[in-house]
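We did not get these values from a lab; they are worked out from the coordinates using the rules stated. A quick note: this is a predicted structure, and the numbers were derived from the prediction, not measured. All Cβ positions, even for glycine, are placed from backbone atoms using ideal geometry, and neighbour counts span all protein chains on display.
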Amino acid sequence: MAEIRRCISCNYERGFHISFMATEKGNKVGLICPSCGQSFDIGWVLQETFEKPLPGRKYV
Ligand SMILES: [Zn+2]
C-alpha cells in the first residue's frame, strides 16, 4: 500500500487525524485533514469494540 499522507483537497502533506464511528458492521475509521477539515471514508472497519479509551504515552 502506498503511504497515505497528502490531503487531496488542500495538498497538506503531514498526515491526518483519525476518527471512529460506531456502525452496525463495527467501528468505522475515518481520516480528517488537520489543515482544511475535509474528512475521508477509507473503508476501514474495526471489528473489535472498545468502551473506554485507555491513556497511553503522551507526546509533547
Ligand atoms: Zn486538507
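Under a point-charge model restricted to the Cβ atoms of Lys and Arg (+1) and Asp and Glu (-1), what is the dipole moment magnitude of the chain relative to its Cα centre, in debye to the nearest 20?
Working: 8 positive and 6 negative charges, 51 e Å.
My answer is approximately 240 debye.
Projecting the Cα atoms of 29, 59, 7 onto the dipole axis of the chain, where Lys and Arg carry +1 and Asp and Glu carry -1 at the beta carbon, places 59 farthest toward the positive end.
Packing order of peptides 52-58, 30-36, 2-8, 14-20, highest average first: 30-36, 14-20, 2-8, 52-58 (average count of other Cβ atoms within 10 Å over each peptide's residues). A cut-off of 5 Å between modelled amide H atoms, ignoring neighbours fewer than 5 places along the same chain, links residue 44 with 29. The Rg/Rh ratio of the chain, with both radii computed over alpha carbons and Rh defined as the Kirkwood radius, is 1.01.
Across the range 40-45, computed HN-Hα scalar couplings (Karplus, 6.51 cos²θ - 1.76 cosθ + 1.60, θ = phi - 60°) run 9, 9, 9, x, 8, 9 Hz from first to last residue, x flagging Gly and Pro. The calculated FRET efficiency for residue 41 paired with residue 6, based on their beta-carbon distance and R0 = 22 Å, is about 0.85.
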